[in-house]
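The values are calculated or read from the model by the stated rules, or taken from the named source; none is laboratory data. No experiment lies behind these values; they were computed from the predicted model shown. Glycine gets a Cβ as well: all are built from the backbone with ideal geometry, and neighbour counts include every protein chain shown. For accessibility, only protein heavy atoms count, side chains too; no ligands or nucleic acids. Shrake-Rupley method; radii C 1.70, N 1.55, O 1.52, S 1.80 Å.
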Amino acid sequence: MYLDDKVTSHKQLRPRLVVTLGDPAGIGAEVVLKALADPDVSKKCELTVVGSRDLLIQAYTKFNLSGNLGLMANPADLSVLDVPCQGEIITGTGNAASGAASFAYMETAIAHTLSGKFDAIVTGPIAKSAWKAAGYNYPGQTELLAEKSGVDRFGMLFVARSPHTNWTLRALIATTHIPLSQVPQVLTPELMTNKLDLLVECLEKDFGIDNGRIAIAGLNPHSGEQGQLGHEEQDWLIPWLEQERKNRPHFQLDGPIPPDTMWVKPGQAWYGNSLIQNPADAYLALYHDQGLIPVKLMAFDRAVNTSIGLPFVRTSPDHGTAFDIAGKGIADATSMKAAIHLAVELVSVRLARHLQN
């Protein structure tokens, strides 16, 4: 489980999840059907798939013809909200038609979730270029989810449980899908406070961590080395952090930690170094690659992207459409399974809290 031991899973509650297929030209249908073939995935929740029923049947038929019986769920046994594809879908190649289809899957899932039919959305991988080709200019699914939900405070948190030690990695990215050249301009004390608020609220509400420790990265090499390698730390990041420590006495805030060393302890905690004591409960990186490169190195096949700040739970596998292997039957469903498991656990905690209140 991704939750600390003091948080129970409340097995009597059955979260209602909706799973989108993502880009129909990618591996979405394959990893969804493989994940749902595992009885451990669906036994704790009610699952509905949003996507093209024909696409699911095609993937299932092609895979089973190769002799891999039983490794995919039969679409006939699933609850499916059918959203037919409009236009030609070319396996392995994202285009306007595949972008329009994956966007339609998302809109359908969001609308039904906001109406109360589902408690969480698990999203398959999409191609941003295909969305753009279809006329949808969003940096990613997170921004669409936030817009449709009417929220302006949201974040991209990556969660993974180590298969070596059972330690849970949690990493929030302060800025996400923007060019690297824009990061210093976009980062402000106000933005950092917003992200830290979201992270603290998530740790408390979804993971039961009320007195935790958060490690916060610097922006520049060596965290600026007292202004020799960049001025942002001295100008505002260090003063901001000092003020946040006063505002949040119940949380330990470490930093700004040099970005090249911040990930040493979580890497050792992930792989099982017995000398590591008290790794942080969460890590706050300042831009996309600063956080995602180490996360993918440690947990590429099992990390889960969860959007925090939304009125519902949203999780997603931390991988892309994998157009290069689409249709070959070799895609790994581990991350999709992890995304479903995490959604179940987060919804269970929220439902239990609601009942208690």
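Quick test for you: out of PHE312, PHE300, pick the one residue that is within 30 Å of SER149 (Cβ to Cβ), among the hydrophobic types (A, V, I, L, M, F, W, C), at pLDDT below 90 and within 15 Å of the chain's Cα centre (by Cα).
Values: PHE312 fails: at pLDDT below 90.
The match here is PHE300.
Considering each of GLY87, GLY135 in turn, give the residue that is part of a loop (DSSP other than H, G, I, E, B), open to solvent by 50 Å² or more (accessible area, probe 1.4 Å), of a type in the set (Gly, Ala, Ser) and in contact with a helix residue (DSSP H, G or I) (Cβ under 7 Å, 6 or more places away or on another chain). Spell out how you get there, then give the answer.
Working: GLY135 fails: in contact with a helix residue (DSSP H, G or I) (Cβ under 7 Å, 6 or more places away or on another chain).
The match here is GLY87.
How many of the residues making up the stretch 108-132 are in a helix (DSSP H, G or I), open to solvent by 10 Å² or more (accessible area, probe 1.4 Å) and either on the phi > 0 side of the Ramachandran plot or in contact with a Leu (Cβ under 8 Å, 6 or more places away or on another chain) (or both)?
Total meeting the criteria: 2.
Of all residues in the stretch 196-213, which are among the basic types (Lys, Arg) and assigned to a helix (DSSP H, G or I)? Walk me through it before giving the result.
From the stretch 196-213, those among the basic types (Lys, Arg) are 205, 213; that's our starting set.
If the condition is that a residue be among the basic types (Lys, Arg) and assigned to a helix (DSSP H, G or I), then LYS205 is the only one that fits.
Yes/no per residue for (1) exposed (fewer than 14 other Cβ atoms within 10 Å of the Cβ); (2) part of a loop (DSSP other than H, G, I, E, B); (3) of a type in the set (S, T, N, Q):
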{"position": "ASP152", "(1), (2), (3)": "yes, yes, no"}
{"position": "HIS164", "(1), (2), (3)": "yes, yes, no"}
{"position": "LEU172", "(1), (2), (3)": "no, no, no"}
{"position": "GLU190", "(1), (2), (3)": "yes, no, no"}
{"position": "ASN194", "(1), (2), (3)": "no, no, yes"}
{"position": "HIS222", "(1), (2), (3)": "no, no, no"}
{"position": "GLN228", "(1), (2), (3)": "yes, yes, yes"}
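Filter the stretch 308-320 for residues that are more than 14 Å from ILE173 (Cα to Cα) and touching a Leu at 6+ places or on another chain (Cβ under 8 Å); which is most open to solvent (accessible area, probe 1.4 Å)?
Across the stretch 308-320, the extreme among qualifying residues is PRO311.
Among the listed residues ASN305, ASN278, which satisfies the condition of being in contact with a strand residue (DSSP E or B) (Cβ under 8 Å, 6 or more places away or on another chain), open to solvent by 50 Å² or more (accessible area, probe 1.4 Å) and either farther than 30 Å from ALA25 by Cα or in a strand (DSSP E or B) (or both)? So that I can check it myself, show each step before the final result.
Working: ASN305 fails: open to solvent by 50 Å² or more (accessible area, probe 1.4 Å).
Testing whether each residue is in contact with a strand residue (DSSP E or B) (Cβ under 8 Å, 6 or more places away or on another chain), open to solvent by 50 Å² or more (accessible area, probe 1.4 Å) and either farther than 30 Å from ALA25 by Cα or in a strand (DSSP E or B) (or both) leaves just ASN278.
Within the stretch 15-64, track down each residue that is touching a helix residue (DSSP H, G or I) at 6+ places or on another chain (Cβ under 9 Å), in a loop (DSSP other than H, G, I, E, B) and within 25 Å of SER115 (Cα to Cα).
Narrowing the stretch 15-64 to residues touching a helix residue (DSSP H, G or I) at 6+ places or on another chain (Cβ under 9 Å): 15-36, 38, 40-42, 44-45, 47-53, 55-60, 63.
In the following step, the residues that additionally are in a loop (DSSP other than H, G, I, E, B) were identified as 15, 21-27, 38, 44-45, 52.
Result: PRO15, LEU21, GLY22, ASP23, LYS44, CYS45, SER52.
May I ask you to verify whether TYR283 is open to solvent by 30 Å² or more (accessible area, probe 1.4 Å), among the aromatic types (Phe, Trp, Tyr) and modelled with pLDDT of 95 or more?
Considered against the rule, which asks whether it is open to solvent by 30 Å² or more (accessible area, probe 1.4 Å), among the aromatic types (Phe, Trp, Tyr) and modelled with pLDDT of 95 or more, TYR283 comes out as no.
Among the residues in the stretch 321-341, are any at pLDDT below 95, among the β-branched types (Val, Ile, Thr), open to solvent by 10 Å² or more (accessible area, probe 1.4 Å) and within 18 Å of GLU201 (Cα to Cα)?
no
For the stretch 176-209, which positions are among the aliphatic types (A, V, I, L, M) and closer than 22 Å to ASP235 by Cβ?
As a first pass, look at the stretch 176-209 and keep what is among the aliphatic types (A, V, I, L, M): 178, 180, 183, 186-187, 191-192, 196, 198-200, 203, 209.
ILE178, LEU180, VAL183, VAL186, LEU187, LEU191, MET192, LEU196, listed by residue number.
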